[in-house]
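A.B. asks: This is the structure I want to talk about, given as structure tokens.
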Amino acid sequence: MTRRPTVYDVAQLAGVSIATVSFAFTKPERVKADTLQAVLRAADSVGYVPSANARGLAKGKTGALGLYAFDYLLEPAADFPDSAPLDSTRVPDGRLFPLYSDEVQRGVQLECRRHGYALMLGSGHNPGHLPSVIDVAGRVDGLIAFAGAASGALLEQLSARIPVVELGGEIRREGMHTVFVDNRAAMARLTEHLLIDHGYRDFAYLGELGTPEFVARYEGFSEVLRQARIAPPPPVRSHPGDDQSTIDAVRGLLDRPSFPQALVCATDQEAIVAIDALRGQGMDVPAQVAVTGFDGILAGRLITPHLTTVRQPMEDVGRVAVRILLEALEGNEDASRHETLACVVWRGETCGCSAD
């Protein structure tokens, strides 16, 4: 087995001390420009790669941040054994990528790269899936977690050791940071568009109330209807990523004596599946029923007609979360910092608006 190049090989070839080689990779600003170039050329020549672990031990940091997310549309391990051949063509529906979590992750990745940090990813099926988030948190300098992906109590415990930012949470936790949008106000504006601009009076709501942001979306929807003296309908259970639950919800509505004028969905994922289910039953969107979503994923702009939705600044959510962590790691943090980002109603044609 070929011996791995070491710091001593680089130092000998460059004619410098091993301390100078170490500074070249950890504190390049402390090394003269010509010496730095000599060290880098020597490292390239022998194929030397500095050890991230060693640098982390020296700095007391790992040089990595963690992102803990939902595992939307990932295959269960039982369905994809280690012996199975790789086949990326097995993705069920390419329209559903990138998702909300994917676009936020892109923002995190870009900001980590901008500041020279590695990124460790983790995911779980439900808030009770604790070992995975603990494993990620134990390997990074700071952690970003989607609201609901891990329990709030656990995140609070982790925040005593490392900075933690929760994404999308409506609950402010002591010692933790949050980055979120005003889900209630955004859904209220979307509902006002349907009510005032289109004159719809008969609504159904597809979604669930399992996370604070989903609760806030339903509350924003309900508040506008109550102000218009319309009784808010209870949510019809549907879960993003579980297509069958959305299909069953649509079928349940079709079994009722009359179908609503507008179908408001808690997420774009559910809206896209609902549109397919409606078309499968011969229903025209938006001529017979308007459909709206929430998030603003790319898939909503790829379907025809384009999906009317609330567009969240997903990439910015990820970038801001990284900046908060880096400020905390540098000691310049506000222990109760919470960032609210703006989102907009994006008018497609599934609500009945005309194409521009």
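The values are calculated or read from the model by the stated rules, or taken from the named source; none is laboratory data. Computed from a predicted structure; not experimentally measured. With ideal geometry, Cβ positions are generated from the backbone for all residues, glycine too; neighbour counts draw on all protein chains shown. Surface accessibility is based on the protein's heavy atoms, side chains included, excluding ligands, DNA and RNA. Shrake-Rupley method; radii C 1.70, N 1.55, O 1.52, S 1.80 Å.
Listed here are the residues, each with its yes/no results for (1) open to solvent by 50 Å² or more (accessible area, probe 1.4 Å); (2) at pLDDT 80 or above.
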site	(1), (2)
Tyr117	yes, yes
His125	yes, no
Ser132	no, no
Ala147	no, yes
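A.B. asks: Here is a follow-up. For residues that are of a type outside the set (Lys, Arg) and loosely packed, with under 15 Cβ neighbours inside 10 Å, scanning just segment 252-266, find the one that is nearest to Asp284 (Cα to Cα). Full working, then the answer.
C.D. replies: Taking segment 252-266 and keeping what is of a type outside the set (Lys, Arg), we get 252-255, 257-266.
Applying the additional criterion that residues be loosely packed, with under 15 Cβ neighbours inside 10 Å yields 252, 254-255, 257-258.
On the way: Gly252: 17, Leu254: 13, Asp255: 17, Pro257: 18, Ser258: 15 Å.
For segment 252-266, the residue satisfying everything is Leu254.
A.B. asks: Which residues, taken from segment 218-246, are more than 17 Å from Gly293 (Cα to Cα), open to solvent by 30 Å² or more (accessible area, probe 1.4 Å) and in contact with a helix residue (DSSP H, G or I) (Cβ under 8 Å, 6 or more places away or on another chain)?
C.D. replies: Passing the criteria: Glu223, Ala231, Pro232.
A.B. asks: Does at least one position in segment 195-210 carry a residue that is part of a helix (DSSP H, G or I), hydrophobic (A, V, I, L, M, F, W, C) and over 20 Å from the mean Cα position of the chain (by Cα)? Talk me through it step by step, then tell me what you get.
C.D. replies: If we filter segment 195-210 for residues that are part of a helix (DSSP H, G or I), which is where we start, we get 195-197.
From what is left, the residues that are hydrophobic (A, V, I, L, M, F, W, C) are 195-196.
Add one more test, that the residue is over 20 Å from the mean Cα position of the chain (by Cα), and what stays is 195-196.
Scanning segment 195-210, I find at least one residue that is part of a helix (DSSP H, G or I), hydrophobic (A, V, I, L, M, F, W, C) and over 20 Å from the mean Cα position of the chain (by Cα), so the answer is yes.
A.B. asks: Continuing with the same structure: Six or more apart or on different chains, Cβ atoms under 7 Å: show the pairs whose first residue is in segment 317-330 and open to solvent by less than 20 Å² (accessible area, probe 1.4 Å) and whose second is assigned to a helix (DSSP H, G or I) and charged (D, E, K, R).
C.D. replies: Final answer for the pair search is Gly318/Arg106; Gly318/Glu111; Val322/Glu111.
A.B. asks: Kindly establish whether Ala249 is among the aliphatic types (A, V, I, L, M), under 19 Å from Ala271 (Cα atoms), in a helix (DSSP H, G or I) and open to solvent by less than 40 Å² (accessible area, probe 1.4 Å).
C.D. replies: Details: among the aliphatic types (A, V, I, L, M): yes; under 19 Å from Ala271 (Cα atoms): yes; in a helix (DSSP H, G or I): yes; open to solvent by less than 40 Å² (accessible area, probe 1.4 Å): yes.
Yes.
A.B. asks: Filter segment 9-32 for residues that are open to solvent by 60 Å² or more (accessible area, probe 1.4 Å), modelled with pLDDT of 90 or more and part of a helix (DSSP H, G or I) and give the result.
C.D. replies: Within segment 9-32, Gln12, Leu13 meet the criteria.
A.B. asks: Which one of these is open to solvent by less than 50 Å² (accessible area, probe 1.4 Å), touching a strand residue (DSSP E or B) at 6+ places or on another chain (Cβ under 8 Å) and at pLDDT 85 or above: Leu67, Leu36?
C.D. replies: Values: Leu36 fails: touching a strand residue (DSSP E or B) at 6+ places or on another chain (Cβ under 8 Å).
None of the others qualify; the one that does is Leu67.
A.B. asks: Further question: Could you list, in sequence order, all residues of segment 301-346 that are in contact with a His (Cβ under 7 Å, 6 or more places away or on another chain) and not β-branched (Val, Ile, Thr)?
C.D. replies: Leu326, Arg337, His338, listed by residue number.
A.B. asks: Right, next: Considering each of Ser258, Ser354 in turn, give the residue that is within 22 Å of Leu190 (Cα to Cα) and out of contact with any Gly (no Cβ under 9 Å at 6 or more places or on another chain).
C.D. replies: Of Ser258, Ser354, the one residue that is within 22 Å of Leu190 (Cα to Cα) and out of contact with any Gly (no Cβ under 9 Å at 6 or more places or on another chain) is Ser354.
A.B. asks: Which members of segment 183-211 meet the condition of being surrounded by fewer than 17 Cβ atoms within 10 Å (Cβ to Cβ) and modelled with pLDDT under 90?
C.D. replies: The answer is Gly210, and nothing else.
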